[in-house]
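Student: One structure coming up, written as structure tokens, with questions to follow.
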Ligand SMILES: CC(C)(COP(=O)(O)OP(=O)(O)OC[C@H]1O[C@@H](n2cnc3c(N)ncnc32)[C@H](O)[C@@H]1OP(=O)(O)O)[C@@H](O)C(=O)NCCC(=O)NCCS
């Protein structure tokens, strides 16, 4: 019985959203996702993002202001040292892995689902200057190859893979693989059914 209950709790835990976890719980699973190496720039970038979101829960502006100052200093340090920009306004899921560092730019209106991976040289951003708030939404378990660019208000489905150096301008269905410039679907779950 207790085993069943524990399993139920574990399932609930693994399905819960990032908002249901304490900052410590988030950092712990991010650290595990980054190979238990706190020196990895990707882990540090995600950790600073988590802190940036967490400090917004402090309602009093007076109490929040030193935390905000600390967040801004750490954000700039991560950006200037490792070349990783993930503003706290990004909707980051659980256990996001930032594999390697340098030239990683994520638009503040992006969503990145649980267990997704982004790598060096990846840009997730707006496509047109005159539509500055358009930003991609990545589902869960999306695997973004090195150097890939994903632009505009588009959706990348759960479990999709984006090839290295692809430039993605259209929606990618769940489970599909998109490669090239502009990116085309080379493998889709449907085509193999
Ligand atoms: C996209 C990717 C996941 C495809 O894996 P896959 O599903 O096994 O697909 P395949 O290798 O069978 O390739 C399918 C087709 O796409 C082509 N292709 C694969 N990756 C490509 C890429 N990045 N750019 C352009 N074409 C690519 C292949 O040549 C193949 O074309 P063909 O059918 O004409 O021969 C993989 O090639 C990739 O780019 N991974 C990113 C890895 C990465 O960033 N590593 C960095 C480590 S630090």
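We did not get these values from a lab; they are worked out from the coordinates using the rules stated. Since we're looking at a predicted model, the values are computed, not measured. Virtual Cβ from ideal backbone geometry, glycine too; neighbours counted across all protein chains shown.
Student: Would you please give the FRET efficiency between residue 58 and residue 32, computed as 1/(1 + (r/R0)^6) with r the Cβ-Cβ distance and R0 = 30 Å, to the nearest 0.05?
Tutor: 0.65
Student: Over region 102-193, what relative contact order in percent results from Cα pairs under 8 Å that are six or more residues apart?
Tutor: Once normalised by length, the contact order is 20 percent.
Student: Right, here's the next one. So for each of 163-171, 68-76, 98-106 I average, over its residues, the number of other beta carbons within 10 Å; can you give me the resulting order with the highest mean first? List each step's numbers first, then the result.
Tutor: Numbers: 163-171: 17.9, 68-76: 14.8, 98-106: 19.7.
Put in order of decreasing packing, that is 98-106, 163-171, 68-76.
Student: Here's another thing I want to ask about it. Show me 84-97, 24-37 ranked by packing, highest mean number of other Cβ atoms within 10 Å first. If you can, show how the numbers build up before the last one.
Tutor: On the way: 84-97: 20.6, 24-37: 15.4.
Ranking, from highest mean packing down: 84-97, 24-37.
Student: Please tell me the relative contact order of region 19-188 in percent, rounded to the nearest whole number, where contacts are Cα pairs under 8 Å and at least six residues apart. Show your work: numbers first, answer last.
Tutor: Values: 423 pairs, mean separation 21.8, N = 170.
Computed over region 19-188, the figure is 13 percent.
Student: Let me ask you something else. If you scale each eigenvalue of the Cα gyration tensor by 5 and take the root, what three semi-axes come out for the chain, rounded to whole angstrom and sorted largest first? Before the final figure, lay out each step's value.
Tutor: Details: eigenvalues 152, 109, 45 Å².
For the chain, the semi-axes come out at 28, 23, 15 Å.
Student: Ok, one more. Using just the helices of the chain, give the 222 nm mean residue ellipticity in deg cm²/dmol: DSSP H runs with n ≥ 4 each add -39,500 (n - 2.57), and the total is spread over all residues, rounded to 500.
Tutor: Working: 4 runs with 62 residues, N = 193.
Result for the chain: -10500 deg cm²/dmol, rounded to the nearest 500.
Student: Taking Cα centroids, how far is region 89-122 from region 136-183 in Å?
Tutor: 12
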